[in-house]
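The values are calculated or read from the model by the stated rules, or taken from the named source; none is laboratory data. Because the structure is a prediction, the values reported are computed rather than measured. Every residue, glycine among them, receives a Cβ derived from its backbone with ideal geometry; neighbour counts consider all protein chains shown.
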Amino acid sequence: MKTLALSLLLALSLPVMAAIGDTISKDVLPQTWVAGEAPQTWPTDELYIFECWATWCRPCLEAFPHMESLWQQVKGDGVHFVGVNVADRKTVEEIQAFMVRQPVPPTYAIAIDSRVSDFARAVGVRGIPMAYAVKGGKVIWQGNPHSLKPAKIRELAKTETADVPPAQP
């Protein structure tokens, strides 16, 4: 029940979903990083997969092994994964301890969206788990992390941001 209530609260408090083609400002990236670091620029030849999750979300925890497997298959060559903890009020130490306890702990970057969900609001998280592909600062894909496959990630990595239509108002 707690998970359902918190999912509904998150869904109601963040009503606008980022559109394909929306530009994400680096100013809204999480400032607290458990592992890895925030991109300093949005290179047009690099793909960032942001996976939003929370410690209390069972489907999010079930996505960790899938995402870690994907990461092992596609890392390098300009592909970056970032797990973004949203909807939790936990410290770096608490998240680190939590991650170590996972059956398949992620080895990709982990950030905490601790600034009143700036990142979650910017990308329009309405429910979790949710993943976003960002290239050149533009959202080029969004969906459930379980729907990502290595071929899809490689296809997204080849996407030219000029081919991504601007978001519709």
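Listing for the model above:
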| item | result |
| --- | --- |
| Failed condition for Leu70, given (1) modelled with pLDDT of 95 or more; (2) over 20 Å from Gln142 (Cβ atoms) | (2) |
| Evaluation of Gly21 against (1) within 23 Å of Pro150 (Cα to Cα); (2) surrounded by fewer than 17 Cβ atoms within 10 Å (Cβ to Cβ); (3) at pLDDT 90 or above (one fails), failing number | (3) |
| Flag for Gly124 being under 18 Å from Asn85 (Cβ atoms) and under 13 Å from the mean Cα position of the chain (by Cα) | yes |
